[in-house]
Structure formats: C-alpha cells, structure tokens
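Novice: Quick one: this structure, given as structure tokens, is what I'll be asking you about.
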Amino acid sequence: MKFNHSTGAIAFLLATPLVTGLTVGIAPSSAAIIAGSAAEVTIDDFSHRPTGTGTFTNTNTETRATRGFVISKANADAAFISNCHELLAANLSQSGVIGTGNNYSGLAKSQAAVIGDFSIKAKETFSFTVQTILHLLTSVTNPQSERASATGSISFALIDTVSNILLDSFQFGIGLHSFKAPELSLSYNLAGNFNPTQINFAFLAQGNTTSLSLYTSGVYSRTFDSTTNLKLVEVKNNIAGAQAQPVPQAEPVPEPTTILGTAMFFGFLTKRRKLKNQLSEVKSKV
C-alpha cells in the first residue's frame, strides 16, 4: 500500500455545476462562512456480469436566517451500466453551504449508491477495480462566532444474499471542522480482500480557509469455495454545515482568506460540468 501526503494545491476534479446562484448577495467584502463536501466513485473491470443492478440517490437541505443570508445545495447522481458494450458503475454526490451575516445556519446532505447482484460459481474469483475521491472545504471569517464543517465517507459491502452474511467491507472517511481540534480527521478500514494500490492525501490551510482531499484506488478480489449469490453495495455520504451566531462586538474586518475561500468554493462547486457530462454519456449507453 502506498500512502502519499501532499500540501500542494488541490485540483478539484468534480465538475457538476451544483451552485449557480450562490454569488447573489455575497460579495468578497462581506463576512462569510463556506462549507463544501463532494465525492466520486468509479467501479469497473468486473470479472463477472451482474444479474441485476440498482442505484439510489437522496438529498436534503436546511436553512435558517434571522440576520443574514444562507443557501444550502445538494446534488447526487448514480449509474450502473451493464450491456453488451460496457460494464461500469459510477456515482457522485456533493453538498455545499454558504452564508453571510451574524445569525443563520445551513445544512446540506447528499447520498448516492450503486448496487449489483452477482452469481459466482464454486472456485471462481470475483474481482473489480475501484477509484474514489473525497474533497472537503471550510472557510470562516470570524472563528469566534462562525462554524463550518464538512464530512465525507465512502463504504463498500459484499453480502451473501442467501445467508445475509456480510462477507467483506471497506470504508474511507474524512472530516473538517473549523471549531474544534484537531481540525481534520481521516479514517479508513481496509480489512477483507481489498488491496489498495494508491492512497493520496492532500491538506491545504491558509488563514481560516482549509481544504482536504483523499484519493484512493485498488482492486477487490476473492475466490469462493462454493457457489455464492453476491450483492455489492457502495454508498457515499457528504455533509456540509455552516452556523453564525451574534456576538456583542463590531463586525470583523474581512481577511484576505475570505476571498480565497470564496474563490476555492466556487472552483469546488462549479467546475463539475465535465464529470457530469461524462456520467450522462454513460447513462445514454444503457
């Protein structure tokens, strides 16, 4: 297993135009909170063709503003393609919150999943390759009165559908929290028959703006002693939250990091068109 740590600038690869109206009413000269979480998974090179496939997506947003302005956005998409030409599963999800003022809160949640059923004969080896990426971003102007958080997780499970026994599982998760220490968290469980070929971890912090990225790739492979009806389930969850509370003092003078955070956020949330188009092209081949 290779584990790389880099503090260079993060290339935000996910490119769906999730938030197009967030700039309304939020100028760089205004105090702002920004939180974003996004994830993508691609599964291919299956050794067996599925007997059945399914997808699931879910999004939820909440906002409250007494003295301020806040927008929460969430997006999720998934596809499992199994035809004579292609065999591919892919999904993406993204959550974002941005606000300004001194008394508001926003929450965005997104979830995407792909499911495949497979029939594996005795002594056969079932395998597939995986690529995953998680991106998080938080930015605040006044850490004393503002909170931003972003979390993302990706999990895989392989279940014997006859006995309903969990045969294998592996997970990845990261988190950013502007209001507690340690500010970042990283967790992964690679137990079972998953062999990671690459794990890249990137962290960038400037002032009160922080971004975190985790890329993984690997191969799952297992040989079954007896005929097995197998279900593969991959699920990702992305959560972003922002909260501002009034304080008995003058509004803070915005720092340059506010402008940096705004620029990174819109790069983070508005450059996903390429991947979205690719996923749409894949779906059109069904």
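The values are calculated or read from the model by the stated rules, or taken from the named source; none is laboratory data. What you see is a predicted model; the values in this text were computed from it and never measured. Here Cβ is always computed from backbone atoms with ideal geometry, including for glycine, and neighbour counts include all displayed protein chains. Remember, those area values only see protein heavy atoms, side chains included, never the ligands or the DNA or RNA. Shrake-Rupley method; radii C 1.70, N 1.55, O 1.52, S 1.80 Å.
Novice: In the stretch 104-143, what percent of the accessible surface is made up of carbon and sulfur (1.4 Å probe, ligands and nucleic acids excluded)?
Specialist: Percent of accessible area from carbon and sulfur atoms in the stretch 104-143: 50.
Novice: Give me the number: length gained by fully extending T129 to K180, i.e. 0.36 nm times residue separation minus the C-alpha to C-alpha distance, one decimal in nm.
Specialist: So the chain would gain 14.7 nm between T129 and K180.
Novice: Please give me the summed charge of the neighbours of A242: other residues whose Cβ is under 10 Å from its Cβ, Lys and Arg +1, Asp and Glu -1.
Specialist: So the surrounding residues net to 0.
Novice: Extension gain A122-T197, at 0.36 nm per residue separation less the Cα-Cα distance, in nm? The partial results should precede the final answer.
Specialist: On the way: separation 75, 0.36 × 75 = 27.00 nm, distance 2.73 nm.
That works out to 24.3 nm of additional length.
Novice: Quick one: net charge of I165's neighbours, Cβ under 15 Å, K/R +1, D/E -1?
Specialist: Every neighbour counted, the sum reads -1.
Novice: If you don't mind, another one. Give me the number: length gained by fully extending Q144 to T161, i.e. 0.36 nm times residue separation minus the C-alpha to C-alpha distance, one decimal in nm.
Specialist: Values: separation 17, 0.36 × 17 = 6.12 nm, distance 5.08 nm.
Length gained, Q144 through T161: 1.0 nm.
Novice: Accessible area per residue, 1.4 Å probe, Å², for the stretch 158-201: what's the number?
Specialist: Normalised by residue count, the accessible surface of the stretch 158-201 is 51 Å².
Novice: Using per-residue counts of other Cβ atoms within 10 Å, averaged over each peptide, order 40-47, 184-191 from highest down. Numbers along the way, then the final one.
Specialist: Working: 40-47: 18.6, 184-191: 13.8.
Most protected by this proxy first, the peptides run 40-47, 184-191.
Novice: Report, to the nearest whole %, how much of the accessible area of the stretch 206-250 belongs to carbon and sulfur atoms, 1.4 Å probe, protein only.
Specialist: C and S fraction of accessible area: 48 percent.
Novice: Under 12 Å from the Cβ of G54, count the other residues' Cβ atoms, weight Lys and Arg +1, Asp and Glu -1, and hand me the total.
Specialist: -1
Novice: What list of ³J(HN,Hα) couplings, whole Hz, do you get for the stretch 34-42 from phi and the Karplus terms 6.51, -1.76, 1.60, once you set θ to phi - 60° and write x for glycine and proline?
Specialist: 10, 9, x, 9, 9, 8, 9, 9, 10
Novice: Give me the accessible area per residue for the stretch 50-127, probe 1.4 Å, as a whole number in Å².
Specialist: Here the residues of the stretch 50-127 average 41 Å² of exposed surface.
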